[in-house]
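**Q** The structure follows.
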Amino acid sequence: MTPETSVRVRFAPSPTGFLHIGGLRTALYNYLFARRHHGVFVLRIEDTDRNRFVEGAAEKLLETLHWAGLSWDEGPDIGGPYGPYVQSERLALYRQHAESLLREGKAYRCFCSPEELDRQRRKQAEEKRPPMYDRRCRTLSRETSDARAKAGEPFTIRFRVPLTGETVFHDAVRGEIRISHAVIDDQVLLKSDGYPTYHLANVVDDHAMRISDVIRGEEWLPSTVKHTLLYEAFGWPPPRFAHLPLLLNPDRSKLSKRQGDVAVEEYRAQGFLPEALINFVALLGWSSPDEREILSMDELAALFSLDRVGKAGAIFDIEKLRWFNGRYFRALPLEERVRLCIPHLERAGYDTRDPIRTARIVDALSNHLVLPADIVEEAAIFFRAPALPASATEVPPFSQGQEKAVLRAFLTGVRTVVPWERGQIKKLLERIQGELGVRGKELYLPIRIALTGKSHGPELPVVAELLGPEECSRRLEPFTVG
RNA sequence: GGCGCGUUCGUCUAGCGGCCAGGACGUGGCCCUCUCAAGGCCAAAACACGGGUUCGAUUCCCGUACGCGCUACCA
């Protein structure tokens, strides 16, 4: 038994809507850390804010995490030895701990109303003083406090933060952090509605669930002092901390809506592959020890370590994500690529009833796709004849002026190709080349344009093969009359 | 305002006192090729600034600037 077996980490999202891309990264690092150390990955739902709670969000969160390829050892859906894993089901535990601090004089009741506090803050702002609770209830006598509570006056329970001194803690990413107590507010632990705040619930649960390493976003770095102080007040050993650099918008502000998509669900809906998203997001703030960048979940789990996590925030660059997606898409077996493309083809009204033809089309176009939906535009040439030029006899001009002869030769040749497949079509093209002395662009481009209306596309024999001899003839004919 | 954290090519990053500062995306070029894409090769592109410490700083220390985060009965 090595100490490693005791590694327990958690991802603790709030069910306030969608899964944030930054949340996915945090979840991923926790998951990878657990796997790397043969530890346990816990999923916990932190739904202590009744105002921001969104019905069904928790379920969606779990589903999206699963889609991304993450799984957990303990959580709200599968249970575990330290459940329940939903904070709203653990209210009694938080109250009990808040009250024990109250009894020991490490916390106190605050009877100030939200309006009052707001007024205080505004005044402080005007006077250019740091906005902090003035601690007027901190000195209330126990008798007064008890009496007012008994009388039914609403109150919160605040943490009695030391007025002097400082707290020093170690962060696995940033090293030693020290913060003076003088700048720490007397944090509310239990709200007047009986729900805990993040700080209380988080500390109580991390201890109750035996969490060994807290790996979370950098926005939590400043509050870690409060947490450290709470662990101390409870007489518990604190976990190790690691604060991950933030994910940023292109303008370097914290990644948010307004400036692009931040919802994992949105990327999923757009057709991004989970493997690509995971690979991309893994590299935002962490780097592989060798120079490989294309890494599977298993490879990431084998390689991951906190000491290769960077300190600076990382801009979410959609272009690189797109590149990853293209790579992963192309690496998929054909059947899988077809499966992903078919819904888009059908939505566009294209006939996919011939599975062989559909598969060949997808295969021919795969190098052009970043997202499966891109197939719609690319595949148009196979399902719709190009619009004819103003005059059907008009073919774009070429240097030798032989294009009509080329088209006629090809049209005539179409009937002689047996079987109709790319190799034979290639032979026909070569024959025409020999007969007319026309080659390269002058040979291919007129045919390509007559057939597809475009100057770019997959190899011409492949295009012709997929079109079939009849359709080729039909598309060619208007250009060969006169 | 206070406190904290951060700063290497446009972007993601490697670097842990001595390197022509490396890789990837993107960009440009070349190759392949009927074209496009894919793929291969090549190129341009960075240590925020100022002081120290040191024989020697991208690297260690201090300061400045800039950026970000936190400062809620939100997480």
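**Q** Which percent of the accessible area of the range A:387-482 is formed by carbon and sulfur heavy atoms (probe 1.4 angstrom)?
**A** 53
**Q** Could you tell me the center-to-center distance, by alpha carbons, between the range A:55-107 and the range A:118-160 in angstrom?
**A** 29
**Q** Out of residues 5 or more away from A:ARG10 or on other chains, whose amide H comes under 5 Å of its own, with H placed 1.01 Å from N in the peptide plane?
**A** Here A:VAL42, A:ILE215 satisfy the definition.
**Q** Find how much the distance from A:ARG408 to A:ARG357 grows on full extension, using 0.36 nm per residue of separation minus their present alpha carbon separation; answer in nm with one decimal.
**A** Numbers: separation 51, 0.36 × 51 = 18.36 nm, distance 2.66 nm.
Length gained between A:ARG408 and A:ARG357: 15.7 nm.
**Q** Which whole-Hz ³J(HN,Hα) couplings does the range A:316-333 yield from phi under the Karplus relation 6.51 cos²θ - 1.76 cosθ + 1.60, θ = phi - 60°, glycine and proline marked x?
**A** Karplus-based 3J(HN,Hα) across the range A:316-333 equals 7, 9, 4, 4, 6, 4, 4, 4, 4, 4, x, 4, 5, 4, 5, 7, 6, x Hz.
**Q** In nm, what is the difference between 0.36 nm times the number of residues separating A:VAL376 and A:TYR82 and their Cα-Cα distance?
**A** The A:VAL376-A:TYR82 span can extend by a further 100.9 nm.
**Q** Further question: For chain A, what does the relative contact order come out to in percent, with C-alpha contacts under 8 Å and a separation of six or more?
**A** 12 percent.
**Q** Separate question: Please state the relative contact order of the range A:387-482 as a whole percent: Cα pairs under 8 Å, 6+ residues apart?
**A** Relative contact order here is 42 percent.
**Q** If you project the alpha carbons of chain A onto the principal axes, what extent comes out on each, in Å, largest first?
**A** Sorted largest first, the three principal extents are 108, 56, 37 Å.
**Q** Hand me the GluC sites (Glu not before Pro) from the range A:241-333 located in a DSSP loop with no more than 15 other Cβ atoms within 10 Å, in residue order please.
**A** Details: sites: A:GLU265, A:GLU266, A:GLU275, A:GLU291, A:GLU293, A:GLU299, A:GLU319; in loops: A:GLU291, A:GLU293.
Here the GluC sites (Glu not before Pro) that fit, given the DSSP loop and packing criteria, are A:GLU291, A:GLU293.
**Q** Could you give the length gained by full extension between A:ARG174 and A:GLU143, i.e. 0.36 nm per residue of separation minus their alpha carbon distance, to one decimal place?
**A** Values: separation 31, 0.36 × 31 = 11.16 nm, distance 4.49 nm.
Additional length available on full extension: 6.7 nm.
**Q** Another question about this same structure. Ranked from highest to lowest mean number of other Cβ atoms within 10 Å per residue, what is the order of the peptides A:235-247, A:141-153? The partial results should precede the final answer.
**A** Numbers: A:235-247: 18.4, A:141-153: 11.3.
Ranked from most to least packed, the peptides come out as A:235-247, A:141-153.
**Q** A follow-up question, please. Tell me, what is the FRET efficiency for A:ILE318 and A:TRP220 to the nearest 0.05, using R0 = 25 angstrom and their Cβ-Cβ distance as r?
**A** It comes to 0.40.
**Q** At a 1.4 Å probe, what is the % contribution of carbon and sulfur to the accessible area of the range A:103-180?
**A** Details: 2630 of 5140 Å².
Answer for the range A:103-180: carbon and sulfur cover 51 percent of the accessible area.
**Q** Let me ask something else about it. Just grab the label-to-label distance for A:THR164 and A:ALA92, each label 7 Å out from Cα along the Cβ direction, in nm (one decimal).
**A** With each label placed 7 Å out from Cα toward Cβ, I get 4.3 nm.
**Q** Taking the Cβ-Cβ separation of A:ARG308 and A:SER71 as r and a Förster radius of 30 Å, what is the calculated FRET efficiency to the nearest 0.05? Could you put the intermediate results ahead of the total?
**A** Details: r = 23 Å, r/R0 = 0.78.
Once the sixth-power term is evaluated, E becomes 0.80.
**Q** Taking amide H atoms as placed 1.01 Å from N in the peptide plane, list the residues 5 or more away in sequence, or in a different chain, whose amide H sits under 5 Å from that of A:LYS254.
**A** A:ASN249
**Q** What list of ³J(HN,Hα) couplings, whole Hz, do you get for the range A:115-128 from phi and the Karplus terms 6.51, -1.76, 1.60, once you set θ to phi - 60° and write x for glycine and proline?
**A** 5, 4, 5, 5, 4, 4, 4, 4, 4, 4, 5, 4, 7, 6
**Q** Per-residue HN-Hα couplings for the range A:195-204, Karplus 6.51 cos²θ - 1.76 cosθ + 1.60 at θ = phi - 60°, whole Hz, x for Gly and Pro?
**A** 3J(HN,Hα) across the range A:195-204, in whole Hz: 7, x, 8, 3, 4, 5, 4, 4, 5, 4.
**Q** What's the FRET efficiency of A:GLN124 with A:VAL54 using the Cβ-Cβ distance as r and R₀ = 25 Å, to the nearest 0.05?
**A** Approximately 0.15, to the nearest 0.05.
**Q** Right, next: What are the lysines whose alpha-carbon lies under 20 Å from the alpha-carbon of A:LYS454, with same-chain residues fewer than 8 places away excluded?
**A** A:LYS404, A:LYS426, A:LYS441
**Q** Roughly how big is the range A:387-482's charge dipole about its Cα centre, with Cβ charges of +1 (Lys, Arg) and -1 (Asp, Glu), in debye to the nearest 20?
**A** It comes to approximately 100 debye.
**Q** How would you rank A:202-214, A:402-414, highest first, on the average number of other Cβ atoms within 10 Å across their residues?
**A** Highest mean packing first, the order is A:202-214, A:402-414.
**Q** Accessible area per residue of chain A at 1.4 Å probe, in Å²?
**A** Numbers: 23650 Å² over 482 residues.
About 49 Å² of surface per residue is accessible.
**Q** Would you kindly calculate the mean projected area, averaged across all directions, of the convex hull enclosing the Cα atoms of the range A:333-384, in square nanometres?
**A** Quarter of the Cα hull surface area: 3.1 nm².
**Q** While we're here: Need one word for the range A:281-323: rounded, prolate or oblate. Basis is the Cα gyration tensor (sqrt eigenvalues a ≥ b ≥ c); a/c below 1.5 gives rounded, then a/b vs b/c decides.
**A** Verdict is oblate for the range A:281-323.
**Q** Still on this model: Which order do the peptides A:28-39, A:416-427 take when ranked by the mean count of other beta-carbon atoms within 10 Å per residue, highest first?
**A** Ranking, from highest mean packing down: A:28-39, A:416-427.
**Q** Also, quick follow-up: For A:ARG439 paired with A:SER256, estimate the spin-label separation in nm (one decimal), with each label point 7 Å from Cα along the Cα-to-Cβ line.
**A** 6.3
**Q** Next up: Once you list every other residue whose beta carbon is under 15 Å from the beta carbon of A:LEU295, what net charge do they have if Lys and Arg are +1 and Asp and Glu are -1?
**A** Once all neighbours under 15 Å are counted, the net charge is +1.
**Q** In debye, nearest 20, what is the charge dipole magnitude of chain A about its Cα centre with +1 on Lys and Arg Cβ and -1 on Asp and Glu Cβ, if you could check?
**A** It comes to approximately 740 debye.
**Q** For chain A, which cysteines have no second Cys with its Cβ under 4.7 Å from theirs?
**A** A:CYS112, A:CYS341, A:CYS472, each lacking another Cys Cβ under 4.7 Å.
The values are calculated or read from the model by the stated rules, or taken from the named source; none is laboratory data. No experiment lies behind these values; they were computed from the predicted model shown. Here the Cβ is made from the backbone with ideal geometry for all residues, glycine too, and neighbour counts use every protein chain on show. Note: accessible area is taken over every heavy atom of the protein model, side chains too, but ligands, DNA and RNA are not part of it. Shrake-Rupley method; radii C 1.70, N 1.55, O 1.52, S 1.80 Å.
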